[in-house]
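What follows is calculated from the coordinates using simple rules that are stated; it is not laboratory data. Please read all numbers here as calculations on a predicted model, not as lab measurements. A quick note on method: Cβ atoms are made from the backbone with ideal geometry, for glycine too, and the neighbour counts reach across all protein chains shown.
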Amino acid sequence: MRVYFKCPNCHYENRLKTESCTRIEFAMENGKNRKTDCKNCNQKSTLNVNKFYAKEFKLISILAGILFLAGTLIGLYFVMQMISEMKTVIGIFVVACGLLFPVWIYSILNKEERNRVKAFNQTYVTE
């Protein structure tokens, strides 16, 4: 997961990579205050772990969208072939329901990413 913080000097948004899922785990790994270096102004500062926050990772949304698009196109190709070969309505309905798999995968990936970000941002370390 990537966590972000703003530099107290220049307000540049920096990012860190961590394996922590919540701020509490982040604090257990790094302590209640973490020393940080700004990539913009190179100033070193000490920030409380409550100043760190998570954002949704854009790559997950892009990958989910690509899977959705590719799965839908492949599914439509097979549906068109099945429709030309099958004559029963139930068979066509079953094959058409297969088009829902890309939608489910897309929604599950996006929902899990939102839940991870929400879990990190809603937990705070008491002082």
Point to revise | Test: Thr88 is loosely packed, with under 14 Cβ neighbours inside 10 Å, under 30 Å from Asn30 (Cα atoms) and among the β-branched types (Val, Ile, Thr) | key: no
Revision key, fill the gap. Here the residues within segment 42-60 that are of a type outside the set (A, V, I, L, M) and loosely packed, with under 13 Cβ neighbours inside 10 Å are Asn42, Lys44, Thr46, Lys58
